[in-house]
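These notes concern the structure reproduced below.
Please treat every number below as a calculation from the coordinates, not as lab data. From a predicted model like this one, the values you see are computed outputs, not experimental measurements. Using ideal geometry, Cβ is built from the backbone for each residue, glycine included, and neighbour counts are taken over all protein chains shown.
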Amino acid sequence: MGVEVVVDGLTKSFGRQVIWEDVSLTLPAGEISVLLGPSGTGKSVFLKTLVGLLRPDRGHIWIDGYDLANCNENKLYELRRLFGVLFQDGALFGSLNLYDNIAFPLREHTKRTEAQIRQIVMSKMELVGLLGAESKLPGEISGGMRKRAGLARALVLDPEIILFDEPDSGLDPVRTAYLNQLIVDLNAEIEATFLIVTHDINTARTVPDSIGLLFRRELVMFGQREMLLSSDEPVVRQFLNARKHGPIGMSEEKDVSELEAEAQMGQDPGALPPIPPQLMPSGNKIRRTQQPPGTWLAANGVIPPQGSFVDERGRNWLEEYPRLINAHLNGIR
Ligand SMILES: Nc1ncnc2c1ncn2[C@@H]1O[C@H](COP(=O)(O)OP(=O)(O)OP(=O)(O)O)[C@@H](O)[C@H]1O
Ligand SMILES: [Mg+2]
């Protein structure tokens, strides 16, 4: 079972450039969270800070009772081993074949025999659908395969926390859909704590339990998916609905004159679109941290837009979910 990560008052700057300030959030153990934000708002910097590759100016990152942001080198090395990271470009070694790339962390960080390593590497390659591609070099395979190889490598040390930096960038919509399903299935299986940075609105709307949004050097909001998807906060609304209307412009922030012009033209952001059902694991599985659809909305007395929780096949998940739970329980019995 994954561990909780509590970020408290985290601030990071490079020289005089403040990247973000006073970021506080909790990644619940075993849950899937997504972090959104316009380009350049420091999402990758945030992931690198979480894993201890960058040191923050202020604040704390609590994991298992230790403050990763303020511990000594030995402890940091130990805490880092809880993480698996899928970097933006896969970060594979170009001269090593996929097998050796994926075996690398095991050879580097453990004293396992080559036979044990083989068993682990092959099982992770099978998990991400790369069996048969062991001897391929990263340059010889597609971007989607490189992502999956990066994911396999992030998994070999059995991480409790997995950070994904734009796992879906550069993938076609079909591959993105497969990757999202893989991420959800993986979470159901290993129950680690996931944080995904993405620009893909569909991923953000359907995959996570919680969503956060970085904008103008601060974390605008972090909370359950249904809370963000039903939010009236202009930046959240604009971002999650991929609209031009709102505070975010091409160069991150619109200036006052642009915003005034928009207001004068009487544009309004329009009605909120329906909240889609959350992507479920394949094969009647239920993730341990999964909440039934509508949980947050009901608890907070928020009525979702018409057509919420209906999937592309027309099934209403408010009715479908209890049925799935029964099928799941029957499967266990
Ligand atoms: N090592 C570094 N030294 C100095 N500045 C840096 C460093 N790393 C990142 N930055 C700056 O921090 C800011 C945030 O960068 P970051 O890569 O985290 O953005 P991002 O939100 O991941 O963007 P994108 O969505 O395009 O990937 C940028 O202005 C970048 O120039
Ligand atoms: Mg980035």
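Each helix, a run of at least 4 DSSP H residues, gives -39500 (n - 2.57); summed and divided by the residues of the chain, these come to -10500 deg cm²/dmol at 222 nm. Pairs spanning more than 22 Å between alpha-carbon atoms, out of 48/147; 12/48; 48/75; 48/285; 43/147: 48/285.
One quarter of the surface of the convex hull around the alpha-carbon atoms of segment 51-190 equals 9.5 nm², the direction-averaged projected area. Under 5 Å between amide hydrogens, built in the peptide plane, is the criterion, and for residue 66 it picks out nothing among residues at least 5 positions away or on other chains. Just report the Cα centroid separation between segment 76-141 and segment 175-229, whole Å. After rounding, the separation between the Cα centres reads 24 Å. Rounded to the nearest whole Hz, the Karplus-based 3J(HN,Hα) values (6.51 cos²θ - 1.76 cosθ + 1.60, θ = phi - 60°) of segment 224-238 follow the sequence 5, 3, 5, 5, 5, 6, 10, 7, 9, 4, x, 5, 4, 4, 5, with x at glycine and proline. Seen from a random direction on average, the alpha-carbon convex hull of segment 189-229 projects onto 3.4 square nanometres. Only one residue of 272, 246, 317 has its Cα farthest out toward the positive end of the dipole of the chain, where Lys and Arg carry +1 and Asp and Glu -1 on Cβ, and that residue is 317. Once backbone amide H atoms are built at 1.01 Å from N, residue 86 has 163, 164, 165 as its partners under 5 Å, excluding neighbours fewer than 5 places away on the same chain. The charge dipole of the chain, taken about the Cα centre with unit charges on the Cβ atoms of Lys, Arg (+1) and Asp, Glu (-1), comes to about 840 debye, rounded to the nearest 20. Using only alpha carbon pairs under 8 Å that are at least six residues apart, calculate the relative contact order of the chain and give it in whole percent. Relative contact order here is 19 percent. Once the gyration tensor of the Cα atoms in the chain is diagonalised, the equivalent ellipsoid follows with semi-axes of 33, 26, 20 Å, ordered largest first. Put simply, the amide H of residue 310, placed in the peptide plane, has neighbours under 5 Å in 317, leaving out anything fewer than 5 places away on its chain. Residue by residue, what Karplus-based ³J(HN,Hα) values in Hz, rounded to whole numbers, does segment 178-195 have, using 6.51, -1.76 and 1.60 with θ = phi - 60° and x for Gly and Pro? Listing the rounded values in order: 5, 5, 4, 5, 4, 5, 5, 5, 4, 5, 4, 7, 9, 6, 7, 8, 10, 10 Hz.
In sequence order, segment 48-55 has phi-based couplings of 5, 6, 4, 8, x, 6, 10, 9 Hz under the Karplus curve 6.51 cos²θ - 1.76 cosθ + 1.60, θ = phi - 60°, and Gly or Pro positions carry x.
Count neighbours as other Cβ atoms within 10 Å of each site's Cβ, and list the GluC sites (Glu not before Pro) in segment 157-193 that are DSSP loop with at most 15 such neighbours.
Here no loop site has a sparse enough neighbourhood.
Taking the DSSP beta bridges with both ends in the chain, the antiparallel portion is around 60 percent.
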